[in-house]
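The values are calculated or read from the model by the stated rules, or taken from the named source; none is laboratory data. Note that the coordinates shown come from a computational prediction; the quantities given were computed from them, not determined experimentally. Counting neighbours? That spans all protein chains shown, and the Cβs are built from the backbone with ideal geometry, glycine included.
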Amino acid sequence: MNILRVAGMALVAGTAWVLFEWLFFVTKPSFMSLYSSWEKLSVLSSTALIVSISLLLVTIPFALAAWLLNRFKASGTTVSLVAFFPAIVLLALAMLVMIDNFTLTLFGWGIRNASGGAIYLYRGVTIELFVLAAWMLHGVLAGRYSPTTLKSLMVFTGLLLAGSIPLLWLTYTGPGEDKLVSSAGGKSLPNILILSGDGISASHMSLYGYERPTTPFLDSRRGEFLIADNHFSNASDTGGSVISLLSGKLPTTTRVVYPPDVLRGSDSFQHLPGILKKLGYYNADVSVRHYADPYDLNLRDGFAEANFRKLNETGGTLVAAIRKYPFLNPTSLLLDRISERASERFGHIWKDKKMRDPMAAVNRPDRRWLYDDGRVAEIRRLISVVSQPFFLHVHMMGTHGERFRPTRRVYSTDADYKTLWNVDGYDDAIMDFDRNVEATYKMLRDEGLLESTILVISSDHGFKHSVLDRLPMMIRLPLQEQTGAIAGNSQRLDIAPTLLAALGIRHPEWMEGQSVLAPEFSQQPDRPIFATGSRGGKSADGIFWSVSSPQPPWYSLGRLFFIRCDQGFMLRLETMEISAVKIAGSNLVCEKKLSLDEAREIMFAHLKEKDYSW
Ligand SMILES: [Zn+2]
């Protein structure tokens with residue numbers, strides 16, 4: 001038995017799996033869309049190195065066993081099967097995922113749709129792929145391939161793996177200096193719970209004067225909260241808005257506007273949960289995978305758990321180990337994605353662990369596997385088991401359009417479900433949100449946590465993804481230290497600096513918002529607020545919704561919004577057309593109005609400052 005060949009093939013098999021998956025991701029909108037060609041290559045090369053070395057290490061005991069079997073005159077097939085066992089399993093799984101990519105792309109049908117007899121069919125296919133991989137690898141020891149073929153395969157693999165170190169060195173950008181924040185010293189820190197509803201416009205809440213009583217619970221508690229009069233989103237889509245909330249950075253800074261965008265470089269490590277973690281907080285997220293999940297959006301070293309999984313277990317121990325090193329972050333991202341893709345499919349076929357369809361998750365209320373009552377139950381579980389202080393970020397989806405299926409119909413009927421953006425159904429969904437806020441409030445009270453918790457009520461964008469709509473934003477401080485109205489224009493970016501201020505901590509320079517608790521906050525009616533809107537041309541690419549071809553100079557950015565006083569502007573980047581509206585319900589009026597040209601100048605200057613060049 002040629003031990004060198006066994007070792008060599010372990011490297012080849014590991015590299016092959018990574019290469020196929022990398023090709024899948026690199027040829028469609030993915031987290032790599034914003035990477036340079038060198039960065040893309042670096043991800044391939046370093047991920048292949050990590051996977052193939054790991055496979056080699058796992059192979060060693062198998063190779064030793066095979067070597068012993070060989071000495072005791074076992075058959076050649078048995079020897080190969082034992083020696084290559086880890087590589088065979090990996091290759092069989094890799095081929096299974098490839099077949100699934102193929103059928104999903106071509107027919108929109110894949111393993112995730114399989115049930116009943118189809119499961120057994122896939123089991124048969126898995127076994128056949130295992131046999132095929134075993135046969136292919138057995139050929140290496142049986143001398144079926146010419147030495148030249150094997151040699152070129154090894155040389156190609158060797159070059160690709162050897163490239164990882166120089167490529168990592170070339171593409172490393174540094175983790176970014178994170179200045180240590182000073183704690184408020186000794187004082188016990190309050191818990192923090194941010195409860196957002198998707199796409200809730202303030203104009204549809206009775207709390208903000210809507211004629212229908214859609215928020216009876218919040219109405220009854222309004223005296224306990226600080227309430228922002230004129231609050232705005234920084235992004236028209238969920239992911240961009242969630243990241244601006246958690247990072248305190250504009251989407252034009254992080255470039256997280258719409259899938260496939262995810263955080264990159266130092267942005268992955270600079271955020272509110274990261275700071276809170278350093279202060280001893282236990283951080284958990286309850287939102288929705290892919291679109292709002294902090295981990296899927298590559299927010300690292302912040303949350304301990306998100307969307308029903310413990311993050312230190314995500315991707316297994318290998319990913320957990322390399323995740324600690326910021327310079328390997330893109331590598332851990334690919335490794336995470338591909339190991340999840342393989343294990344999901346394996347679980348669906350062999351372990352009755354059903355794969356989910358991320359597109360149905362947000363767009364088809366009848367197919368949403370997770371309803372807001374599931375999220376409320378998860379809040380209940382978390383606050384009763386996790387250590388304090390805790391930080392919970394919860395994003396409810398019941399108010400997410402374009403169809404609404406509220407749990408109780410007051411203004412709408414079941415038939416309204418068919419109508420897109422049905423206002424009656426939307427109002428009923430907001431009543432559901434209000435009930436969920438009530439349930440959460442009562443949970444905190446019953447656990448004796450209400451006066452040791454900062455409760456924030458928020459929304460990610462307005463009805464129909466509008467960003468020129470006022471949004472709800474309410475903060476309940478422990479012992480109601482501060483209540484009343486927050487005048488002036490505030491934005492989602494302000495929430496993180498506000499929470500830090502409430503803990504007696506000055507927010508770091510990289511946060512672009514301001515604390516609304518500062519007395520001077522309300523004295524700036526002409527404060528500029530920027531927000532992003534994504535490009536059209538979104539498509540379902542077999543994984544989830546994303547911008548179909550994020551290209552420079554704008555990538556997924558399609559529109560820029562600018563708000564000043566009660567004026568709202570929208571700039572379409574494709575045509576550079578600008579339009580203006582008066583913000584409905586705004587009580588901020590400035591003496592001097594901006595003309596369209598003046599607004600365009602300000603927006604151009606913003607884009608230049610954020611390094612967009614066109
Ligand atoms: Zn949303």
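Return yes when V516 is touching a residue at least 60 places away in the same chain (Cβ under 8 Å), within 16 Å of the ligand (Cβ to nearest atom) and not in a strand (DSSP E or B) and no when it is not. Don't jump to the end; show me each part of the working.
Numbers: touching a residue at least 60 places away in the same chain (Cβ under 8 Å): yes; within 16 Å of the ligand (Cβ to nearest atom): no; not in a strand (DSSP E or B): yes.
Taking the combined requirement at face value, the residue does not satisfy it.
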- Task: Mind listing whichever residues of the stretch 285-307 are more than 16 Å from the ligand (Cβ to nearest atom) and more than 17 Å from L193 (Cα to Cα)?
- Result: Y295, N298, L299, R300, D301
- Task: Being surrounded by fewer than 24 Cβ atoms within 10 Å (Cβ to Cβ) and of a type in the set (S, T, Y) is the filter here, so list the residues in the stretch 255-280 that pass it.
- Result: S266
- Kindly indicate whether any position in the stretch 13-34 is crowded, with 17+ Cβ neighbours inside 10 Å, farther than 20 Å from V97 by Cα and of a type in the set (V, I, T). no
- Query: Among the residues of the stretch 541-550, is any modelled with pLDDT of 95 or more and either surrounded by 21 or more Cβ atoms within 10 Å (Cβ to Cβ) or among the hydrophobic types (A, V, I, L, M, F, W, C) (or both)?
  - Reply: no
- Got at least one residue in the stretch 522-533 being part of a helix (DSSP H, G or I) and either of a type in the set (D, E) or more than 16 Å from the ligand (Cβ to nearest atom) (or both)? yes
- Of all residues in the stretch 383-412, which are more than 20 Å from the chain's Cα centre (by Cα) and either under 16 Å from V437 (Cα atoms) or not assigned by TED's automatic domain parsing to the domain that holds R289 (or both)? I383, P406, T407, R408
- Item | Test result for S466, within 16 Å of the ligand (Cβ to nearest atom) and hydroxyl-bearing (S, T, Y) | yes
- Message: Here is a check on your reading of the model: is S244 closer than 21 Å to D301 by Cβ, within 16 Å of the ligand (Cβ to nearest atom), buried (at least 24 other Cβ atoms within 10 Å of the Cβ) and among the hydroxyl-bearing types (S, T, Y)?
- Response: yes
- Any idea how many residues of the stretch 376-424 are more than 27 Å from L500 (Cβ to Cβ), within 16 Å of the ligand (Cβ to nearest atom) and either hydrophobic (A, V, I, L, M, F, W, C) or free of Cβ contacts under 8 Å to residues at least 24 places away in the same chain (or both)? 4
- Query: Inside the stretch 559-613, can you point out the residues that are touching a helix residue (DSSP H, G or I) at 6+ places or on another chain (Cβ under 8 Å) and aromatic (F, W, Y)?
  - Reply: F562, F569, Y612
- Counting only residues that are without any contact (Cβ under 8 Å) to a residue 24 or more places away in the chain and not in a loop (DSSP other than H, G, I, E, B), the stretch 565-593 contains a total of 5
